[in-house]
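The values are calculated or read from the model by the stated rules, or taken from the named source; none is laboratory data. Computed from a predicted structure; not experimentally measured. Neighbour counts run over all protein chains shown; Cβ positions are idealised from the backbone, glycine included. The area values use the complete protein model at the heavy-atom level, side chains included, leaving out ligands, DNA and RNA. Shrake-Rupley method; radii C 1.70, N 1.55, O 1.52, S 1.80 Å.
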Amino acid sequence: MEFLDLFAWMKVGDVATLSVILLLAMFFLLAIGMPLGFASAFLAVLVLIMKFGPDLLFSRFGHGPLSVVGQAVYRQMTNYVLISVPLFIFMAALLERSGIAKDMYNSLNVWLSRTRGGIAIVTSIMAVIMAAMSGIIGGEVVLLGLIALPQMLRLGYNQNLAIGTICASGSLGTMIPPSIVLIFYGLVTETSIKALFTAAFLPGFVLASFFIIYILVRTRLDPSLAPLPEEDPDAPRGREKALLFIGFLSRFTLWLTGFLLLRAVFFTLTGENAVREGVDPIALGMVSDIPYIAAAGAIALALMLFVVGKERSRLGWEMGKGLVPPIVVIGVVLGSIYMGITGITEAAGMGVIAVFVIGLLRREMTFEIVWDSLMRTLKSTGTIIWVTIGAASLAAAYTLAGGPTYVANTIISAELPTMGIILVMMLIFLMMGMFMDWIGIVLLIMPVFLPIVLKLPVEEIGFLGGLDPKFVAVWFGVVFCMNMQVSFLSPPFGPAAFYLKSVAPPHITLTAIFRGFLPFIALQLLALSVLLVWPSIVTLFL
């Protein structure tokens, strides 16, 4: 006991003092380069010692507060949905190494090559499609840096515009389902991940549209920012290009409606789509859906035969077929979730199988690609798991010490209006995002902030429209993700900058990359303001 008495001075009874020590210690450990997972785990033990005394570690080891912390970590690590994270990372790694993304870029470029700023717009659209396939931001920024950056620099695009477009668009995986940030938020807060995915769709596409509108307006005001490429005399233009695009869409629609029609007929013959009380109808699989699907197919066939023509339709398909594999992957992943076929985890597995099969059909899936993708998945997942363990330990320890109650009482006692409290939280998210990984923020901060938000008068949230009380947690999750979208570009530790720097030409410095972010950070803050002013935009599809 004499040995333990030497450390008695470490015991801190006041939660306010403990919170200040914890905050300063966290910044110090991150500043000296300690990984977030290890820093969080070390501080979790420190918090327990300061609150309960050093004998906690030696008397009945594994019982009491330590047992509670262990159970919190165990709950996080044994959550079934967590398996979807390495599956989505593996799928993104396979996509990055296959030619699917490059073919998609080329197909998009065919249709938009003569549009001012077309390459930048193609990059943004490609980023949206890739975000809807995998939900991983690091791989997207690297891939866009490898494919789009050399092309834009070769054509004389403004360097800041090219950099900002790639990194801001490449970070859309934070917002657009299946976002891993949303998955972790749902796990920590026990919010429906399917509801989060549905709610994040519109804000994610609003943000992407802000990027595209900015590119269109900026390049028209100053055409020197995005010179048009030399015109190919053999390339289709005007009405001919439009007809070719309609030919591609009609042929794709014909394939899609054919599949949906066979699916609906199968469900009808097996009786699986019979109307039952208390059972949700199968999306696009009911008997009542068959006439509409058949009509859509008939319209597509008529367009192909009588408006576009068979030859134009065939040519349009050749020009746009690079878009088909990504659409198939998106359909497999998100379609299986929203049609009620599988859960999040199974959908991730189906996405992996879809990418693998497409790679095999394209004769691109080699043992080296699969092995390299597995190794990258192992490294990325290992980092996430260690951060999860450390942050879950610290969150549990701080909760045992009474930290969340103290923070909640401090914020409420400030007597700020409802939107004032939320704006303070947004400011804290933005500041934390400048120095800390999103995993740590969602695990450490969300258990403190969300209970406060749930107690606020819901009628005072936002200024336009109302917010259903049962969707407050969903709305706050989408707002949190929009904050994390900003954090990926925020200096000094904006990860998107370092991802791009790893594949950028040597003359592009980190300072230049961060400079290119500035207009896009303003657009992200504008999108965040829309969510705060008009919160019901999140619940339009719920």
Compute the distance in nm between two label points, each set 7 Å from the Cα along the Cα-to-Cβ direction, one at Met286 and one at Leu155.
4.5
Which option, (i) 24.4, 77; (ii) 25.7, 94; (iii) 28.1, 87, is the value of Rg and Dmax of the Cα atoms in Å that was calculated from these coordinates?
(ii)
If I model a spin label at Leu525 and Ala512 as a point 7 Å from the Cα along the Cα→Cβ vector, what separation in nanometres do I get?
2.6
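Return one whole number: the accessible area per residue of region 99-207 in Å², for a 1.4 Å probe.
On the way: 2420 Å² over 109 residues.
Value for region 99-207: 22 Å² per residue.
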Portion, in percent, of the accessible area of the chain that falls on carbon or sulfur, probe 1.4 Å
69
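Please tell me the relative contact order of region 275-367 in percent, rounded to the nearest whole number, where contacts are Cα pairs under 8 Å and at least six residues apart. Provide the component values of the computation, followed by the final result.
On the way: 31 pairs, mean separation 18.4, N = 93.
Reported as a whole number, the value is 20 percent.
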What length, rounded to one decimal in nm, is gained on full extension from Leu427 through to Ser502, with 0.36 nm per residue of separation minus their alpha-carbon distance?
24.0 nm
Cα long-axis angle, helix 159-170 against the chain (0 to 90 degrees, to the nearest 10):
80
In the neighborhood of Gly402, defined by Cβ-to-Cβ distances under 11 Å, what is the net charge if each Lys or Arg adds +1 and each Asp or Glu adds -1?
0
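Count the net charge of all other residues whose Cβ sits under 13 Å from the Cβ of Ala93, scoring Lys and Arg as +1 and Asp and Glu as -1.
In short, -1.
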Please give the charge dipole size of the chain, origin at the Cα centre, charges +1 on K and R Cβ atoms and -1 on D and E Cβ atoms. Round to the nearest 20 debye.
1020
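How do 106-115, 216-225 rank on mean C-beta neighbours within 10 Å, highest first? Intermediate results must be reported in sequence, preceding the final value.
Numbers: 106-115: 18.1, 216-225: 13.9.
Listed from highest to lowest mean packing, they are 106-115, 216-225.
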As I understand it, the value is the acute angle between the Cα axis of helix 418-433 and the longest principal axis of the Cα atoms of the chain; what does it come to in degrees, rounded to 10?
90
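Per the helix-only calculation at 222 nm, which mean residue ellipticity applies to the chain, given -39500 (n - 2.57) for every DSSP H run of n ≥ 4 and division by its residues, nearest 500 deg cm²/dmol? The partial results should precede the final answer.
Numbers: 24 runs with 379 residues, N = 542.
For the chain, the value works out to -23000 deg cm²/dmol.
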If the chain between Asn409 and Leu221 were fully stretched, how many nm would it gain, using 0.36 nm times the residue separation less the Cα-Cα distance?
62.6 nm
Could you order the peptides 185-191, 411-417, 168-174, 282-288 from most to least packed, using the average number of other C-beta atoms within 10 Å per residue?
168-174, 185-191, 282-288, 411-417
Cβ-based charge dipole, the chain, positive-most Cα from Leu221, Phe306, Ala92
Phe306
Helix 367-400 versus the longest principal axis of the chain: what is the Cα-based angle in degrees, 0 to 90, to the nearest 10?
40
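Within a Cβ distance under 12 Å of Tyr157, other residues only, what is the Lys/Arg minus Asp/Glu net charge? Kindly include the intermediate steps, with their values, before the conclusion.
On the way: positive: Arg116, Arg154, Arg218; negative: Asp222.
That sum, taken over residues with Cβ under 12 Å, equals +2.
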